[in-house]
Structure formats: C-alpha cells, structure tokens
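Student: Below you will find the structure I want to go over with you.
The values are calculated or read from the model by the stated rules, or taken from the named source; none is laboratory data. None of these values were measured; they are calculated from a predicted model. Positions of Cβ are backbone-derived with ideal geometry, glycine not excepted, and every protein chain shown enters the neighbour counts.
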Amino acid sequence: MKTVTGSTLSVLFLGATACSSSVEPSQSVTLQVANQTCSPGPCTTLQILAFPSNQPNTPGGLWSLDLGVVTAASACLTIPANATFRVTDAGSGATTTHTWTSAIPLSLGTLLPTEFRLQARPSTGTFVPRSASGWSVTLPGASLPTPSGACTP
C-alpha cells in the first residue's frame, strides 16, 4: 500500500486550486416569480425562460434557458450558475459552443401553453443574476427583476 506524503498533498492541492476560477460563479441564484395571470384568476400556466445576452445568430430562434413552470400565484425557480449552447453548421458540420454564466446579463420571458417555443421572446429588461442572491419579478410583463433575498425552490 502506498502512502501519501506531505509534498504529494501540496502538489495535489496546488493542482486543484490552479484549475478553479474565481471568475466563474460557484452557485445558482433563485428567482421568485409572481404569476400576474392569477389576478383576478384563474391562474394560467407560465413556462419561464431566460434569454442570455450573448445570443448566437441561429435560424431556430433565440437561445433560452428553461427555468421552470409556474402554475400557481407564485413560484421559486433556480437560475443555474452556467449553461452552454451548441450550434452546428449544416454545411461544414463544425460545432460552436456558446457559454453563459450568471455573471453575464440575461432577460426573462414567458411561454404560454398555446405558444410555440420559436415565438418566445424576452419581455423584461436585462439583469446580472449573480449580482444578488435572489431576484423577484412579476410575469408576464415587462417589469425589471429586482434584487431580493434567496427563496427556496
């Protein structure tokens, strides 16, 4: 059986810390969504989408992150720390990867059950998710998300 020496542990620690980044967000952010369709009611189901500001030029509509579905008057959703989107060129077959992190602005939009994903567009102003531990917004609508405390999904 091999034993690990102090110098080996130091090298392993340095290797692990050299690969980590203080620039990349390390955790997700929460989003409290108030469903505006519930007043006066009944509530309409809303699919909540986030549209990164670093949009690639694609023929299939805007790139979006599916944050979840709101079926009641409100829901707590999670904005992930990062996401990737891959675009494959039909002619060459080359794939380009676009990366989004919560340090890059995004805007929000909704998709109703009767709408197609290609119809989805942002309706809010942009915000930088990682600049607060949590956000709140009323959707559908054009309100700007406001910083708030984290909610529990």
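Student: Which residue is surrounded by the most Cβ atoms within 10 Å (Cβ to Cβ), if the candidates are limited to the range 80-94 and must be polar (S, T, N, Q) and either within 27 Å of Thr30 (Cβ to Cβ) or under 18 Å from the mean Cα position of the chain (by Cα) (or both)?
Tutor: For the range 80-94, the residue satisfying everything is Asn82.
Student: Could you grab me the full set of residues in the range 111-137 that are surrounded by fewer than 17 Cβ atoms within 10 Å (Cβ to Cβ), in contact with a strand residue (DSSP E or B) (Cβ under 8 Å, 6 or more places away or on another chain) and of a type in the set (S, T, N, Q)?
Tutor: Gln119, Thr126, Ser131, Ser133
Student: Right, here's the next one. Just the residues that are among the aliphatic types (A, V, I, L, M), without any contact (Cβ under 8 Å) to a residue 60 or more places away in the chain and under 21 Å from Thr37 (Cα atoms), please, taken from the range 99-153.
Tutor: Going residue by residue through the range 99-153, those that are among the aliphatic types (A, V, I, L, M) are 103-104, 106, 108, 111-112, 118, 120, 128, 132, 137, 139, 142, 144, 150.
With without any contact (Cβ under 8 Å) to a residue 60 or more places away in the chain added as a condition, the list becomes 104, 106, 118, 128, 142, 144.
Correct list: Ala142, Leu144.
Student: Then there's this: So, in the range 63-90, how many residues would count as being part of a strand (DSSP E or B), hydroxyl-bearing (Ser, Thr, Tyr) and at pLDDT 95 or above?
Tutor: Kept after step one, since they are part of a strand (DSSP E or B), are these residues of the range 63-90: 65-70, 74-79, 82-88.
Pick out the ones that are also hydroxyl-bearing (Ser, Thr, Tyr) and you get 74, 78, 84, 88.
Filter once more, so that each one left must be at pLDDT 95 or above: 74, 78.
Qualifying residue count for the region: 2.
Student: Quick check on the range 21-45: of everything there that is part of a loop (DSSP other than H, G, I, E, B) and more than 21 Å from the chain's Cα centre (by Cα), which residue is modelled with the lowest pLDDT? Reasoning before the result, please.
Tutor: We begin by selecting, within the range 21-45, every residue part of a loop (DSSP other than H, G, I, E, B); these are 21-28, 39-45.
Okay, now just the ones that are also more than 21 Å from the chain's Cα centre (by Cα), so 39-44.
Values: Ser39: 89, Pro40: 86, Gly41: 80, Pro42: 93, Cys43: 95, Thr44: 95.
That would be Gly41.
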